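Scroll down for the structure; my scribbles are underneath it.
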Amino acid sequence: MKIDIIIPVYRPGRELFALLDKLEGQSVPIHRILLMNTGKAYFDELLEGTEGMGEAGFARRYPNVQVRHLEKREFDHGGTRHRAVGYSEAEVFVAMTQDALPVDSFLVERLTANLQGNVAAAYARQLPGPDSSEFEKASRYFNYPPSSRVKTAADLESMGIKTFFCSNVCAAYRRDVYEKLGGFVRHTIFNEDMIYAAAAIRAGYGIAYEAGAQVVHSHNYTNIQQLRRNFDLGVSQAQHPEVFGAASSESEGKRLVGDTWRYLKKRKRLYRFPGFCVQCAFKYAGYLLGKHYRMLPRGLILKITANREYWGDFTILS
């Protein structure tokens with residue numbers, strides 16, 4: 001079975017080499033790694049700044065890596081990944097981000113092991129990095145528990161919106177099912193992974209969470225960054241009521257607050273909880289603004305969003 005890996009790249013640092021080295025050392029062979037790089041100048045700067053490696057040196061070091069360059073205005077969370085799938089001939093492709101680092105050499109093997117039967121896709125467990133804040137650690141443990149499971153339409157009543165949860169930080173997809181369902185939505189500000197997962201589940205497939213497949217991936221966002229990120233999240237939910245209208249995301253937010261309280265209490269750090277509540281206020285404000293983006297003026301949207309290029313064609317407000 002051929003396995004390709006698709007990674008959108010933007011202004012990469014030397015950590016990209018660490019990721020590629022980890023992928024080269026996986027227990028199952030990787031057919032090709034496709035880097036969808038935004039901004040050729042940034043990529044060239046990295047290569048020239050790394051002991052004068054250059055394109056030729058990069059090609060020698062990573063012979064199975066293929067780099068495709070695009071302009072920033074061309075990037076789209078769903079469209080760029082779908083374009084990359086078109087460059088792949090593999091039966092299975094793994095979507096990753098440049099800041100996700102495999103924990104060991106068994107990531108791809110464990111992530112793809114159960115892509116058969118009714119399972120259309122599988123996503124990995126994300127672990128917090130060593131410099132993660134207490135809030136980020138609590139969030140990672142909340143969203144990525146230690147037990148694996150396969151989610152289907154039968155789980156909608158008990159799990160709600162979490163049934164559709166899937167993350168392209170590290171997720172594997174069956175090519176046959178992907179093509180049958182039409183792939184990722186072509187133009188979206190966020191959540192292309194969950195939108196696809198919802199379509200797969202509604203078509204009778206399952207989405208696997210593979211806790212044994214692990215990557216280190218976390219961010220210590222500021223409150224303003226949280227607001228911007230959650231604004232885009234709210235926009236995507238408003239634009240796809242067929243996915244997010246049937247189940248509320250607010251209930252998951254309430255559960256996160258409760259879990260974080262218990263997490264901090266167990267570690268005797270409840271003095272951090274007020275700061276967490278402030279962060280939640282910024283996140284919820286961004287989310288509500290995003291959900292009602294059609295009522296906002298263009299100038300305000302461009303100040304809040306984390307993805308200004310998405311709004312290049314403002315007819316999307318209609």
Quiz item: Looking at this structure, is Glu210 of a type in the set (D, E, K, R), surrounded by 15 or more Cβ atoms within 10 Å (Cβ to Cβ) and not in a strand (DSSP E or B)?
Solution: no
Quiz item: Can you find even one residue in segment 223-237 that is in contact with a Leu (Cβ under 7 Å, 6 or more places away or on another chain), in a helix (DSSP H, G or I), open to solvent by less than 20 Å² (accessible area, probe 1.4 Å) and of a type in the set (Phe, Trp, Tyr)?
Solution: yes
Quiz item: Taking segment 9-19 as the search range and keeping residues that are outside any helix (DSSP H, G or I) and open to solvent by less than 70 Å² (accessible area, probe 1.4 Å), which one is nearest to Phe190 (Cα to Cα)?
Solution: Val9
Practice problem: Scan segment 82-112 residue by residue and report those that are over 17 Å from Leu35 (Cα atoms), part of a loop (DSSP other than H, G, I, E, B) and either among the hydrophobic types (A, V, I, L, M, F, W, C) or modelled with pLDDT under 95 (or both). | Solution: Val103, Phe106
Practice problem: Kindly list, by first and then second residue, each pair from a residue in segment 134-146 that is farther than 14 Å from Cys277 by Cβ to a residue that is assigned to a helix (DSSP H, G or I), limited to pairs with Cβ atoms under 6 Å and residues at least 6 apart or on different chains. | Solution: Phe142/Leu256; Phe142/Asp259
Exercise. Take Val67 and decide whether it is in contact (Cβ under 8 Å) with a residue 12 or more places away in the chain, surrounded by 16 or more Cβ atoms within 10 Å (Cβ to Cβ) and in contact with a Leu (Cβ under 7 Å, 6 or more places away or on another chain).
Key: yes
Quiz item: Restricting attention to segment 186-207, which residues are under 24 Å from Arg228 (Cβ atoms), open to solvent by less than 20 Å² (accessible area, probe 1.4 Å) and not in a helix (DSSP H, G or I)?
Solution: Thr188, Ile189, Asn191
Quiz prompt | Members of segment 154-164 found to be surrounded by fewer than 17 Cβ atoms within 10 Å (Cβ to Cβ) and touching a Lys or Arg at 6+ places or on another chain (Cβ under 7 Å), listed by number | solution = Met159
Exercise. Taking Ile6 as the residue in question, decide whether it is among the hydrophobic types (A, V, I, L, M, F, W, C), touching a Lys or Arg at 6+ places or on another chain (Cβ under 8 Å) and either under 29 Å from Arg308 (Cβ atoms) or part of a strand (DSSP E or B) (or both).
Key: yes
Exercise. Tell me, yes or no, whether segment 20-32 has at least one residue that is touching a Leu at 6+ places or on another chain (Cβ under 8 Å), at pLDDT 95 or above, closer than 22 Å to His219 by Cβ and among the basic types (Lys, Arg).
Key: yes
Exercise. Check segment 20-32 and report whether any residue there is within 29 Å of Trp311 (Cβ to Cβ), surrounded by 13 or more Cβ atoms within 10 Å (Cβ to Cβ), more than 21 Å from the chain's Cα centre (by Cα) and not aliphatic (A, V, I, L, M).
Key: no
Practice problem: Working carefully through the options Glu136, Glu109, find the one that is acidic (Asp, Glu) and open to solvent by 40 Å² or more (accessible area, probe 1.4 Å). | Solution: Glu109
Exercise. Only residues that are more than 10 Å from Ala208 (Cβ to Cβ) and touching a helix residue (DSSP H, G or I) at 6+ places or on another chain (Cβ under 8 Å): list them for segment 108-123, please.
Key: Val108
Quiz item: touching a helix residue (DSSP H, G or I) at 6+ places or on another chain (Cβ under 9 Å), of a type in the set (Lys, Arg), within 28 Å of Asn191 (Cβ to Cβ) and surrounded by 14 or more Cβ atoms within 10 Å (Cβ to Cβ): does that describe Lys72?
Solution: no
Exercise. Scan (1) in contact (Cβ under 8 Å) with a residue 12 or more places away in the chain; (2) open to solvent by 20 Å² or more (accessible area, probe 1.4 Å); (3) in contact with a helix residue (DSSP H, G or I) (Cβ under 6 Å, 6 or more places away or on another chain); (4) more than 23 Å from Gly290 (Cα to Cα) for the single condition Ala172 breaks and write down its number.
Key: (2)
Quiz item: Scanning segment 304-318 for residues that are more than 19 Å from Glu74 (Cβ to Cβ) and at pLDDT below 95, which turns out surrounded by the fewest Cβ atoms within 10 Å (Cβ to Cβ)?
Solution: Ser318
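The values are calculated or read from the model by the stated rules, or taken from the named source; none is laboratory data. Every value quoted in this text rests on a predicted model; they were computed, and no experiment measured them. So basically every Cβ, Gly included, is an ideal-geometry build from the backbone, and we count neighbours across all protein chains shown. Calculation scope for accessible area: heavy atoms of the full protein, side chains included, ligands and nucleic acids excluded. Shrake-Rupley method; radii C 1.70, N 1.55, O 1.52, S 1.80 Å.
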